[in-house]
Amino acid sequence: MRVYDTVLTEAQVRGVHASVAEQTPVVHVSFEESVANVGAGGARYDAALLGAPAWTNGLNGKGKALALDGVDDAVSVPYKLSASGSVALWYYVPGPWYNYNSIFDNSVNGDHHECWIDEWGNLQYRPAGGTWKERATFGLGSGSNRWYHVVGTWDAFTSNMVLYVNGVERGRAVNTNGTAWPVAGTNFFIGGSAGNTPGRGAVCDLQIFETPLSSNRVAEVFSALRLRDGGLTAYVPFDGTAQDVIGGHAVALGGTPVYVKTQGGFYKGLSCGTLETNISDNASISNVLGSSVGTIALWYYARGPWYNYQTVFDNLVDQEYWECWIDVTGTLKSRVSNQADGGFVAYDLDNLRGPNQWYHIAFTWDRGVGQTRLYVDGVSRASATLGAGWKEPHPTLNLAGGHANNVKGNGIWDEVRVYDRILSDDEIAALMVIPPTPPPRGTLLTLF
């Protein structure tokens, strides 16, 4: 309850409603082998399955989703969309493209309140086809056979609609011809209603809100499912020992690397010898790779001068797969593979501090969404498409170059973490924090 000592304007009333309504969806059906509505509207908005859709694996094989066959499968929700609102869902799009892959539409009219993918891979969203010519669109390019988080918002008061894909605004449109916003029908459909071409794909985590979501809230909804499952699988701090203190995975050292003081001068890291002194120095962490989504994060002291190829980490499956290195120009590079759409990302460290400096490096991959990302010093520096270039890794993560055909790295490794989910921007930034100086050892004596 809120009490004000002034009369609110109509716009202020709508603002109060929006601040509350965007936090809780009235419809929320997870499709985790269930059609129950866990949103604020309760069981009266439970979904009904049409045809014979089947349960399948969800995003990155975690959880479940509902597969639609593109023939007669669909989902019906007995809910009438509000005058202003938002629809958010995850949708897996198999190839090839065709006209029209119906993602969602409405019982009032086959052309009203609908979202679909056309034969060229364009995602399209509109409130009314016959009377409203405006629509929000976004080209998915060659990005079939992957998951997308799709959000469509509409606001009858401003005649404005916005299309978000994977947490980012991709298109918007405003009705300028004075035509009234169409009233929705009594049922909301996923996969197409009668008269529309059936949708072929998979859906999970449907949420319907009774307000247009803000861009920040859309980003939160997008991240929620990706960050829900999985966590830290291995943590090797290299503080004088080679141990995974979280998952207990075996950590092996090759050659004669040594422990040296690191940031702040009171913690230790693993230092590998130069190419001239000890080319066999390396470390490996067993059985930590294999997830289709994940993060590798570590501190690395990049010794200079730059040379080709200073390996930060690599993998036994292939010298060109699952690797991160610094080239002779000081450019940090990482990738799942050297194939097309293999997730290659790069950033020039000379833009920051150059050689002989500490850097925090994080590499994330998400096969379901089809993206890799490179972070340096807690900031996202580059992203790339991960598609046909996906390669299954060997389960062992190698530091300093474990593959026989790769050039060794000669830096210092510290605070190595491996996750079986992507980390958010805030989580990666938090790994930049260097712990405070530990208290001095000894017995505390209090003198009066």
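The values are calculated or read from the model by the stated rules, or taken from the named source; none is laboratory data. These numbers were taken from a predicted model, which means no experiment stands behind them. For neighbour counting, all protein chains shown are included, and Cβ atoms are generated from backbone atoms with ideal geometry for every residue, glycine included.
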Q. From the set of residues in the stretch 332-377 that are free of Cβ contacts under 8 Å to residues at least 40 places away in the same chain and hydrophobic (A, V, I, L, M, F, W, C), which is nearest to Gly167 (Cα to Cα)?
A. Val345
Q) Glu320 passes all but one of (1) touching a Lys or Arg at 6+ places or on another chain (Cβ under 9 Å); (2) touching a residue at least 24 places away in the same chain (Cβ under 8 Å); which number fails? A) (2)
**Q.** Subset of the stretch 105-132 that is part of a strand (DSSP E or B) and within 23 Å of the chain's Cα centre (by Cα) - its residue that is surrounded by the most Cβ atoms within 10 Å (Cβ to Cβ)
**A.** Tyr125
Q: Among the residues of the stretch 60-94, count how many are of a type in the set (Ser, Thr, Tyr), at pLDDT below 95 and part of a loop (DSSP other than H, G, I, E, B).
A: 1
(Q) Testing Thr211 on (1) of a type outside the set (Asp, Glu); (2) over 25 Å from Ile285 (Cα atoms); (3) within 21 Å of the chain's Cα centre (by Cα), one condition comes back false. Which one is that? (A) (3)
(Q) Checking the structure you have, find out if any residue of the stretch 297-308 is of a type in the set (S, T, N, Q) and modelled with pLDDT of 90 or more. (A) yes
Q: Could you identify the single residue in Ser271, Ser280 that is in contact with a Phe, Trp or Tyr (Cβ under 8 Å, 6 or more places away or on another chain), more than 30 Å from Gly61 (Cβ to Cβ) and either among the small types (Gly, Ala, Ser) or at pLDDT 90 or above (or both)?
A: Ser271
Q. Hey, does the stretch 136-151 have a residue that's among the hydroxyl-bearing types (Ser, Thr, Tyr), under 23 Å from the mean Cα position of the chain (by Cα), crowded, with 19+ Cβ neighbours inside 10 Å and within 14 Å of Arg172 (Cα to Cα)?
A. no
Q.
I need the full set of residues from the stretch 139-159 which are in a strand (DSSP E or B) and farther than 28 Å from Tyr98 by Cα, in order please.
A. Asp155
Q.
I'd like the full set of residues that are surrounded by 18 or more Cβ atoms within 10 Å (Cβ to Cβ) and part of a strand (DSSP E or B), limited to the stretch 172-203.
A. Ala173, Phe188, Phe189, Ile190, Arg200, Gly201, Ala202, Val203
**Q.** Within the stretch 216-232, tally of residues that are more than 18 Å from Gly63 (Cβ to Cβ) and either assigned to a helix (DSSP H, G or I) or not hydrophobic (A, V, I, L, M, F, W, C) (or both)
**A.** 5
Q) What tally of residues in the stretch 1-34 results from selecting those that are at pLDDT 70 or above, crowded, with 17+ Cβ neighbours inside 10 Å and either assigned to a loop (DSSP other than H, G, I, E, B) or of a type in the set (A, V, I, L, M) (or both)? A) 7
Q: Say whether the condition of being among the aromatic types (Phe, Trp, Tyr), under 30 Å from Val93 (Cα atoms) and surrounded by 24 or more Cβ atoms within 10 Å (Cβ to Cβ) is met by at least one residue in the stretch 381-401.
A: no
Q.
Taking the conditions exactly as written (assigned to a strand (DSSP E or B), touching a residue at least 12 places away in the same chain (Cβ under 8 Å), buried (at least 17 other Cβ atoms within 10 Å of the Cβ) and not assigned by TED's automatic domain parsing to the domain that holds Thr153), does Gly273 satisfy them or not?
A. no
